[in-house]
Each structure stands twice: as C-alpha cells, then as structure tokens.
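Participant: The structure that follows is given in the form of structure tokens.
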Amino acid sequence: MLRQPICLFLGHVDHGKTTIQDKIRGTAIALKEVGKITQSINAYNLDIKIIKKICKDLLKNKNLTLPGLLFIDTPGHAAFTNLRKRGGSLADIAILVIDINEGIKPQTIESIEILKENKTPFIIALNKIDLISGWKSNNKIPLLQNINSQSDSIKKNLDEKFYKLLGELYENFNLNIERFDTIQDFTKNIIVIPISAKTGEGLPELLMFLVGLAQKFLDVCLTCNICGPGKATILELKEEKGLGLTLDVILYDGCIKTEDKIIIGTLQEPITTKIKAMFLPDGKKFKPVQEANAAIGIKISALNVEDVVPGMPLRVIEKNEENIKEEIKKEIEATTLEINKNGIVIKADTLGSLEALINLLKEKKVNIKRASVGEITKKDIAEADSEQDELNKIILGFNIKKIDAQIKIITDNIIYKLIENFEEWREKEYKQIQEKTIKDLVRPFKIQILQGYIFRQSNPAVVGAEVLAGTAKTGTTLIKDEKILTELKTIQKDGINIKEAKKGEAIAIALPNVTMGRQIHEFDILYSDIKEKEFLRLKKLKKYLNEDEVEILKEITEIKRKQDPMWGI
C-alpha cells in the first residue's frame, strides 16, 4: 500500500515556512468534522479527507490513493534536508518557500543546493502576495480567478516578479520554472504557486499539486509493506521527565512495536537495544501506543542510546541481525564522513548538518582532518593544534557552543555565514603568514622607465616609472638583462616618499650609480635581483606568491640562465 509522502519546508528565514504550516494546521483543525489532524513527534499528518475538504472542487472526482501527507513540523530540519536513505533524501517531496517581494536570499540558495544534492522533487510557494501593493485578497475563490480579478497594474507587477525569479533560477541553477496555470511538462519544469500564508490564498492549489505530483511520480517510493520491519531516522534526542532519554524518530517504512529489538547507527559501531515504550503527543502529555505504521513521527524509550546522534538510521530486527548492522554501517559511511591526513576540524549538531558542512567545504577544496557530531572536545582541540599548517589550526562548529581555547574556533547557526567567516579568517591569516614567512626575502617585481619623465640625469638619476607587476620596494637591487645595474634607492608618489609601490602605480624613483642615456634609457624594463639561494626558498614558498610574482620569477630565471644554464637547479 502507499504511505503518506514525507514533505518538508525549506527557504530563507522569515519567508513564511512556519506561517504556511500554521495556516494549514489551523484550517485542518477547523475542519475536524471530516477528520482531525493526527499529532505526532515533530510532524503532523493531514488525512486525505481533510485535504479534499480544503481543496474543495480542485480535487472533486479525483481518484486518490494516497492516505494523506506527512509534514515535518520543524522547518528545514537538518536531519531531513541532508541525510540520505536509499540514495535520496529522507523527504519524498519539498516546498521551497520564497518571499515574492524579496526573491532569492542566501538560505534560498542553500535550500536549492540541498534539494539538488538529494534530487528531491519540489514545488515553489511564492509567498506574501497579499503584501503586493494594491493586492485585493480573496480566499473564497480559486487562486487563478483571484489573480485574474486583480487590476492590470497588479497583474503586471506579479508577472514581473515571477519572470525575475525565472531568470535568476535559470541563470544560477539551470532550473526551469512555470506558473501553476501554464505548466505543461511536470517532468521538466518546477511548479510555482503564488500564495499568501496569512490569508490562505493559494494553499488549496499548493496541497492539490503536492498530492497530485506525489501520487503520479512517487508511487514506487511511497509503496511500503505496512507490516514489514520498521525503518526510521532519528530526528532528536530529548530528556523527558519520567521517561529519561528518549528518541524522536520518523518512521518512513514498515511497522514498529513495543518490545521490538532494534539496531541504531552511531558514529562508532551500531548498537542493538529493545523498545521499552512508544508515545504520541496527547495535548501536553504523551499517550503510550503499542504499534505504529509508516509514515509517522513517534517518541521511543529504549536503553543504551546515549551515543546516538540525530540523523542516524534505526532498523527493526526480525532476522539477519549482522546483515542489518552492515547495511547501517554502509549507510553511515555514505554520508561522506571522509577524513584527510591533514586539514581542519569540523563539528555539527547532527549527522545531516555535518554532511552539509562537509559537502560545502569540499566544494571550496578545503581538506578536513576530523569531522564529528556533538560539542567540541579536548581531542578536537588537540587534533587542530597538532596541524603543521597554520591555516588548518582551526575548528568550525555548526549550531554548537563556542568555547575558549588556544586555537581559533568559529561557530555559527547559519551554515553559509560559518563558511563566509571561515574564508575571511583564512584570507586574513594567509596574508599574515605570507608576510611573516617571506618578509626578509626579495620579492619579484618589474618596473618600466617612462618616456618624457627624466627629472635628473645622474647622481642619482631620478626618473618616472611604472610598476608592471609585483610590489616594488626601496633598497632592492635592480637588474637589466642579466647584469646588476643599480639600486632602487627611493620611491616617491605625489611628492611623498613611500617604501613600496604596487602594480599599476606611476612613481618617481632615484637610481644611484647610473646615467640616463648610458646605462638606462626610456622604456627600459628593470627587474628585482633575486639571488640563487633566495630563488630556491621562494620556489618552496611559491604558494605565498601571487600569480604575477610567479610569472616574474620565471622571467628572472630565464634572464639568469643566459649566463648560467644551471642557475636555480
């Protein structure tokens, strides 16, 4: 039989994820005469009868076989947005909420990347149409009729906002979108439904398309053996008064009962335990239940679950315990917890968010030495501190507490901000290391004598010049061709003495022991003189040079080897 599709909401903060759910829940409770909303842990189930009632004529005479929809109550929960099962996201379908007046924001981008990564089908809810200037709300009529009843200027405004979104999604993510009333091919285009979570406009259409798409395209994914051994994912661990440490889980396949023997994954070996009791919410209390069928959220009380972390798989054992353990190990390994010999240390609150952080850092080509779930430990600090590369002496923590330590620790509860802060720190630290490491070495640069800017012929010669590449510094010996020529005694810019000048700057320079028209001429290119020992050191420290400096170093090498073919080898 088909189970309810597991549906979650994603999107930028304050774009309306929670408000949409509150509106759907409130409407469902108000329609309790045809069936009531099912309470469960961190999720709520909408019976198909309620959905039909909300959608009214939109689902009239439709042959629906789905029992309903299961919404994840915690919007964008990390365990569901990232953790994989059977090669895909635990969520069967998703709703990406975008504020029509704000458009794409950082967490919108993050949400799209998560959906693409997990290949999760989704619908875009273009929220807050009621805030479009001049919009006349009417939740008593179908959405399309409501849109067509607006003035021409408002319809034009709505179209402009939609087409702007269309362009951004195609340009940045190669996504094709179509408005709900014009879409032709559901396999190639993503449905966009303008809605108002505040007034309820568009919510019937949203539910209609969710049910329709799930039934048409997810029937294989949603087919489950209601009596088979249960498969679930840990959502949260909670200490409950009178119950002790409990597990909030989402059962997505099969059946689970009290006294069932279960295996739960951990970051070490999977643990085997037995279910002591199971509960569903009953107002502010918990009601014990003996059995639960997919898909549902439920609270479980079991022994020896201290090492379990959110995002881990749970399986009911009927037979082949060792085989199930191996399957769980492989599933955890598939979450890309890869360790490099050298790299940074990262921590996160759940396995799902840890996976997301790993993937983002891998895209940035950042090596990870240690990745684990939970608060920062002494071992984490020791691992980070043992790194030889100063740029790896850091711990990144997502959604965990920051502690005082001798090494750098960066934490944040928004993943893109954590990455941004890390990149800013690394760039700043890199520059400091660069200056410290090669500050005593002569850096490669080249300058060109400008035409028509001869201020003094000799003793010393003072001429205008341009820095072609690198950073010219006073006190540096200069060469022309393969001969040592003079010294860059002083640099002036706008009549002020300076110690150095960067690429592109026009300067006046003083050159002792040369005469203009004899040793040097207009248009001559002069290089900083690099001694062979310095060259060999610079070669080892090449990563601290910019691209221009590396190229100049190659040019200087060619000049030097005209006299000594083995120079620098």
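Participant: Any residue in segment 427-435 that is closer than 18 Å to residue 363 by Cβ, assigned by TED's automatic domain parsing to the domain that holds residue 378 and exposed (fewer than 15 other Cβ atoms within 10 Å of the Cβ)? First the steps, then the outcome.
Facilitator: Residues of segment 427-435 that are closer than 18 Å to residue 363 by Cβ, as a first pass: 427.
The next check asks that each one be assigned by TED's automatic domain parsing to the domain that holds residue 378; those that pass are 427.
Now restrict to residues that are exposed (fewer than 15 other Cβ atoms within 10 Å of the Cβ): 427.
There is at least one residue in segment 427-435 that is closer than 18 Å to residue 363 by Cβ, assigned by TED's automatic domain parsing to the domain that holds residue 378 and exposed (fewer than 15 other Cβ atoms within 10 Å of the Cβ).
Participant: Another question, if that's okay. Within segment 181-188, does at least one residue satisfy the condition of being among the aromatic types (Phe, Trp, Tyr) and out of contact with any helix residue (DSSP H, G or I) (no Cβ under 8 Å at 6 or more places or on another chain)? Let's see the steps before the verdict.
Facilitator: Quick first cut of segment 181-188, residues among the aromatic types (Phe, Trp, Tyr) only: 186.
Next, from what is left, pick out any that are out of contact with any helix residue (DSSP H, G or I) (no Cβ under 8 Å at 6 or more places or on another chain): none.
No, there is no match, as no residue in segment 181-188 is among the aromatic types (Phe, Trp, Tyr) and out of contact with any helix residue (DSSP H, G or I) (no Cβ under 8 Å at 6 or more places or on another chain).
Participant: Moving to a separate point now. Take residue 201 and tell me if it is assigned by TED's automatic domain parsing to the domain that holds residue 115, in contact with a helix residue (DSSP H, G or I) (Cβ under 9 Å, 6 or more places away or on another chain) and within 16 Å of residue 146 (Cα to Cα). Spell out how you get there, then give the answer.
Facilitator: Details: assigned by TED's automatic domain parsing to the domain that holds residue 115: yes; in contact with a helix residue (DSSP H, G or I) (Cβ under 9 Å, 6 or more places away or on another chain): yes; within 16 Å of residue 146 (Cα to Cα): yes.
Here the answer is yes, as residue 201 does meet what is asked.
Participant: Additional query: Of a type in the set (D, E, K, R) and under 15 Å from residue 312 (Cα atoms), is that true of residue 231? Spell out the reasoning first.
Facilitator: Values: of a type in the set (D, E, K, R): yes; under 15 Å from residue 312 (Cα atoms): yes.
Judged against the criteria, residue 231 is a match.
Participant: Can you confirm whether residue 185 is in the same structural domain as residue 56 (by TED's automatic domain parsing), touching a Leu at 6+ places or on another chain (Cβ under 6 Å) and either over 25 Å from residue 21 (Cβ atoms) or among the acidic types (Asp, Glu) (or both)?
Facilitator: No: the conditions fail for residue 185.
Participant: In segment 529-537, is there at least one residue being at positive phi and outside any helix (DSSP H, G or I)? Give the derivation first.
Facilitator: At the first step, the residues of segment 529-537 found to be at positive phi are none.
The answer is no; no qualifying residue exists.
Participant: From the list 269, 327, which one is in contact with a strand residue (DSSP E or B) (Cβ under 9 Å, 6 or more places away or on another chain), closer than 26 Å to residue 349 by Cβ and at pLDDT below 85?
Facilitator: Unique residue meeting the criteria: 327.
Participant: State whether the residues of segment 529-545 include one that is within 13 Å of residue 443 (Cβ to Cβ), charged (D, E, K, R) and free of Cβ contacts under 8 Å to residues at least 12 places away in the same chain.
Facilitator: yes
Participant: Any idea which residue in segment 253-266 is modelled with the highest pLDDT, counting only those that are within 37 Å of the chain's Cα centre (by Cα) and assigned to a loop (DSSP other than H, G, I, E, B)?
Facilitator: This residue is 254.
Participant: Further question on the same structure: Show the residue pairs meeting these rules: Cβ distance below 8 Å; 6+ apart or different chains; first residue within segment 152-177 and assigned by TED's automatic domain parsing to the domain that holds residue 127 and aromatic (Phe, Trp, Tyr); second residue assigned to a helix (DSSP H, G or I) and surrounded by 13 or more Cβ atoms within 10 Å (Cβ to Cβ).
Facilitator: Note: pairs meeting the criteria are 173/112; 173/116.
Participant: Would you point out which residue out of 375, 338 is within 22 Å of residue 247 (Cα to Cα) and either outside the structural domain of residue 236 (by TED's automatic domain parsing) or at pLDDT 90 or above (or both)?
Facilitator: 375
Participant: Of everything in segment 436-454 that's of a type outside the set (D, E, K, R) and in a strand (DSSP E or B), which residue is surrounded by the most Cβ atoms within 10 Å (Cβ to Cβ)? Please lay out each step first, then the result.
Facilitator: Our first condition is that a residue be of a type outside the set (D, E, K, R); within segment 436-454, this holds for 437-438, 441-442, 444-445, 447-454.
Filter again for in a strand (DSSP E or B), leaving 447-454.
Values: 447: 27, 448: 15, 449: 22, 450: 16, 451: 10, 452: 6, 453: 14, 454: 17.
So the residue we want is 447.
Participant: Still on this structure, I have one more. Output the residues belonging to segment 504-536 that are loosely packed, with under 13 Cβ neighbours inside 10 Å, within 46 Å of the chain's Cα centre (by Cα) and within 18 Å of residue 466 (Cβ to Cβ).
Facilitator: Of everything in segment 504-536, just one residue is loosely packed, with under 13 Cβ neighbours inside 10 Å, within 46 Å of the chain's Cα centre (by Cα) and within 18 Å of residue 466 (Cβ to Cβ), namely 504.
Participant: Filter segment 257-268 down to the residues that are touching a Lys or Arg at 6+ places or on another chain (Cβ under 9 Å) and in contact (Cβ under 8 Å) with a residue 24 or more places away in the chain and list them by number.
Facilitator: 258, 260, 261, 262, 263, 264, 265, listed by residue number.
Participant: Looking at segment 231-253, I want the residues that are farther than 15 Å from residue 4 by Cβ and surrounded by fewer than 22 Cβ atoms within 10 Å (Cβ to Cβ) and have a partner that is among the aliphatic types (A, V, I, L, M) and modelled with pLDDT of 85 or more with Cβ atoms under 7 Å, at least 6 apart or on another chain. Which pairs are those?
Facilitator: 237/245; 237/247; 239/245; 245/305
Participant: Regarding segment 330-337, can at least one residue be identified that is under 16 Å from the mean Cα position of the chain (by Cα), in a helix (DSSP H, G or I) and among the charged types (D, E, K, R)?
Facilitator: no
Participant: Another question, if that's okay. Every residue in segment 537-563 that is under 19 Å from residue 480 (Cα atoms), loosely packed, with under 13 Cβ neighbours inside 10 Å and either modelled with pLDDT under 90 or not acidic (Asp, Glu) (or both), please.
Facilitator: Correct list: 554, 562, 563.
Participant: For segment 1-96, give me every one of the strands (runs of 3 or more DSSP E) that falls completely inside it and has 3 or more residues that are of a type in the set (Lys, Arg), at pLDDT 60 or above and in contact with a Cys (Cβ under 9 Å, 6 or more places away or on another chain).
Facilitator: Counting at least 3 such residues, we get no strands (runs of 3 or more DSSP E) at all.
The values are calculated or read from the model by the stated rules, or taken from the named source; none is laboratory data. Predicted, not measured: the structure shown is a model, and the values here were computed from it. Positions of Cβ are generated from backbone atoms using ideal geometry, with glycine treated the same way; all protein chains shown enter the neighbour counts.
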